[in-house]
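Written out below as structure tokens is the structure these notes cover.
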């Protein structure tokens, strides 16, 4: 029963996180990127603090251990690279490319984590990992080349598609830094405390840019439903989506949990077609297959 609950939690988490690309594309069409990023992190932080206070009062008390100076720097790297730069590149990317492309490219996150391990954690680059990386790069290249051709001559032109997909790929690399740097902590922090610290730190980084936007941007023309989507990205995706994944991972092996990340691009692709009327083309399918093959090789290596 616990295993089934864990699978349900991870499924819900990936479906929520997969919807972020579709929702973000709508949000950045009405709200500046910096402001959207600030509200996402700030609302997530408020929701997580509320959960933490509730757990400390009605459930098992969660205490944050002292954090030494070295770990503070590692947390700052996570905040700056894995949240601040990741959010900017992701939102700038979805402004310029399709949500379908963004969904598929971000599914290569396990491969960027593998690269971080090889470069910074002295992990070995095996032939299996090399083939996995080639598959992911081939998938991204297929979508870039044929996606650019498909959009040539339109307002969303070829150069925009290339730039957008490159920005998304950059976001994936920084997400690998986010997860990989966590392994450098001298001791693991409780997941909810870690998320509170990270979202609070990210909110601080985005604050001056959001204040500048408030001086030059007229928010009175932003539709009410867009603010609702901002709340959704902060509370449902950034806070509870990640909490659900953490809860599920505790009950199943890491290799099994990795497989569930495949649901994220599937969710993004399906919602992009249904809600944004984007067209799913043969090169999207080929790109997804190549990226999934790469991720499957990584999972297979873990199981071996």
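Using only alpha-carbon positions in region 1-131, the gyration tensor eigenvalues give semi-axes of 26, 24, 20 Å once each is multiplied by 5 and square-rooted (largest first). Multiplying the residue separation of residue 226 and residue 5 by 0.36 nm and removing their Cα-Cα distance gives an extension gain of 76.3 nm.
Projected over every direction and averaged, the convex hull enclosing the alpha-carbon atoms of region 93-145 yields 4.0 nm².
Within region 39-71, which residues have the backbone N less than 16 Å from the label spot 7 Å out from residue 30 along Cα→beta-carbon, could you tell me? Inside the label zone: 39-40. Stretching residue 50 away from residue 163 to a fully extended chain increases their span by 36.8 nm, per 0.36 nm per residue minus the current alpha-carbon distance. When peptides 212-223, 44-55 are sorted by average Cβ neighbour count within 10 Å, with the highest value leading, the order is 44-55, 212-223. Counting 0.36 nm for each residue step from residue 121 to residue 218 and taking away their Cα separation leaves a gain of 30.3 nm. Note on region 192-244: Cα-only Rg and Dmax are 13.5, 38 Å. Restricting the calculation to alpha carbons of region 72-123 gives Rg and Dmax of 13.1, 37 angstrom.
One quarter of the surface of the convex hull around the alpha-carbon atoms of region 39-93 equals 4.8 nm², the direction-averaged projected area.
What separates the Cα centres of region 3-24 and region 84-145 is a distance of 20 Å.
Bear in mind that the values in this text are calculations on the coordinates, not laboratory data. Every value quoted in this text rests on a predicted model; they were computed, and no experiment measured them. All Cβ positions, even for glycine, are placed from backbone atoms using ideal geometry, and neighbour counts span all protein chains on display.
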